[in-house]
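Report on one structure; see the data block that follows.
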Amino acid sequence: MKWPMPSGWQFIVYGSFVVALVCIVHSIDVIRFESLFKLDRIPFHQSISEAILGNTPPNSTIFLATTTTEIPKKPQHKIQFPLNCTFGSHLTCPANYYPTSFPSQDDQDSPSTTTTCPNYFRWIYEDLRPWKETGITREMVEERASVESNFRLVILNGRAYIERYRKGFETRDLFTQWGILQLLRRSDQGDDLSVKDERELSWYKIYIEGFGWSVSEKYILACNSVTLLVKPRYYDFFTRGLMPMHHYWPIKEYDQCRSIKFAVEWGNNHEQEAKDIVEAASDFIHEDLKMDYVYDYMFHVLREYAKLLRYKPTIPKKAIEICSETLACPAVGLYNAFMMESMVKGPTDMSPCNMPPPYDPHAFRTLLRSKANSVSLVELWEQRYWENQTKHN
């Protein structure tokens, strides 16, 4: 079994600098996708009660519909989509941009997937709950189109069309569109980032948001240091899979200096427990957040969105077609370098992980209570620490 090939997908890139993540799947013969994008400095993920990709009206609304046919079994050879940057080719997209079918082999040669997706995938159900009853209508899309969005994306039969409304913040519109195009080129050839695994507590690192959401959280968690995480206002798609006191040490949003000082004192006096936090965080990033799972997450969240669409998208009158050539070929300098580095070469033959079931109400309340209790315990320890400091001074 293989990934279905979308004729349409979405990917959003946020950060203070140029960031492009690459995702794609192949083999759904007909898929229709429409989305509005607002790329300002307000981060995509806002609060635990709001959706990762759902209940965030200021930023984005996603609409997807799919129909699938029989999925080919496995390509007989690695298929690649070379970039054609000959003179003038970047002005229009190739007529046959992506093939819609591939040679097949026997089932015994096709990779199978029995892996269950990481637990943070279960938040997909929670994030889409606002539309569970009503679905998503054309009116919902057009109501916000030119008012709140930077551009409108429609993908039909494997081809992407953009209607632009206004320039996005910095280069977010450019690399968002690039990421979307790479979703049509999903490849299994990319190598995982190699990080030296010393398993030795080296230092403490602080994660704190600035004006908006930051892309650095995953890097801090992976660097073999105790992560001191100041209570965030915004969430990356994996953040709610983290547990306080297991993956990180929670820091108060206010009175941060005293909170950080206590965290360091505790870690210095509980070295083994601190090392356990380091190891759990590193394992989470290297195992539960490897790129295959990033691709799988995008696949599952968009598939769930597809079930909510109540209309068939059409190409807007003012939309233009975009493809990898129209973005990468005229790009120069670091823009071109980043695109070439992140461009996928061809489709994957791996099937996605299996979605875990939704949280039942009791399990969901238990999860939230467990997180809250861990934070409260740390705050109690901290309070007692400073009370003792006052008594001895």
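The values are calculated or read from the model by the stated rules, or taken from the named source; none is laboratory data. Everything numeric in this text was worked out from a predicted model, so none of it was measured. FYI the Cβ positions are ideal-geometry reconstructions off the backbone, even for glycines, and counts take in every protein chain you see.
Could you please find all residues in segment 221-245 being crowded, with 19+ Cβ neighbours inside 10 Å, among the hydrophobic types (A, V, I, L, M, F, W, C) and either at pLDDT 85 or above or outside any loop (DSSP other than H, G, I, E, B) (or both)?
Selection gives L221, V226, L228, L229, F237, F238, L242.
Being under 19 Å from G179 (Cβ atoms) and surrounded by fewer than 16 Cβ atoms within 10 Å (Cβ to Cβ) is the filter here; which residues of segment 309-320 pass it?
The answer is I320, and nothing else.
Just the residues that are closer than 16 Å to R185 by Cα, of a type in the set (A, V, I, L, M) and not in a helix (DSSP H, G or I), please, taken from segment 337-393.
M343, V344, M350
Inside segment 115-171, can you point out the residues that are outside any loop (DSSP other than H, G, I, E, B), of a type in the set (S, T, Y) and farther than 23 Å from Y235 by Cβ?
S146, Y161
Quick grid of which residues meet (1) out of contact with any Pro (no Cβ under 9 Å at 6 or more places or on another chain); (2) of a type in the set (D, E); (3) at pLDDT 75 or above:
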{"residue": "Y161", "(1), (2), (3)": "no, no, yes"}
{"residue": "R172", "(1), (2), (3)": "yes, no, yes"}
{"residue": "L184", "(1), (2), (3)": "no, no, no"}
{"residue": "L193", "(1), (2), (3)": "yes, no, no"}
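List the number of the failed condition for S376; all other conditions in (1) more than 22 Å from the chain's Cα centre (by Cα); (2) hydroxyl-bearing (S, T, Y); (3) under 30 Å from T115 (Cα atoms) hold.
(3)
Considering only segment 349-393, state which residues are more than 18 Å from H246 (Cα to Cα), of a type in the set (K, R) and at pLDDT 85 or above.
Matches in segment 349-393: R365, R384.
What's the number of the only condition in (1) out of contact with any Lys or Arg (no Cβ under 7 Å at 6 or more places or on another chain); (2) over 20 Å from K218 (Cβ atoms) that E253 fails to meet?
E253 satisfies every listed condition except (1).
May I ask you to verify whether L302 is within 17 Å of F121 (Cα to Cα), buried (at least 20 other Cβ atoms within 10 Å of the Cβ) and of a type in the set (A, V, I, L, M)?
Answer is yes for this residue.
Please state which of the following conditions W381 fails to meet, knowing it meets all the rest: (1) loosely packed, with under 15 Cβ neighbours inside 10 Å; (2) within 15 Å of I251 (Cα to Cα); (3) out of contact with any helix residue (DSSP H, G or I) (no Cβ under 8 Å at 6 or more places or on another chain).
Going through (1) loosely packed, with under 15 Cβ neighbours inside 10 Å; (2) within 15 Å of I251 (Cα to Cα); (3) out of contact with any helix residue (DSSP H, G or I) (no Cβ under 8 Å at 6 or more places or on another chain) one by one, W381 breaks only (3).
Can you name the number of the only condition in (1) among the hydroxyl-bearing types (S, T, Y); (2) touching a Cys at 6+ places or on another chain (Cβ under 9 Å); (3) at pLDDT below 65; (4) loosely packed, with under 13 Cβ neighbours inside 10 Å that T92 fails?
Evaluating T92 over (1) among the hydroxyl-bearing types (S, T, Y); (2) touching a Cys at 6+ places or on another chain (Cβ under 9 Å); (3) at pLDDT below 65; (4) loosely packed, with under 13 Cβ neighbours inside 10 Å leaves (3) as the failure.
Among the residues of segment 150-164, what is the count of those that are closer than 12 Å to P316 by Cα and surrounded by fewer than 18 Cβ atoms within 10 Å (Cβ to Cβ)?
1
What's the total number of residues in segment 257-308 that are out of contact with any Gly (no Cβ under 7 Å at 6 or more places or on another chain) and not in a helix (DSSP H, G or I)?
4
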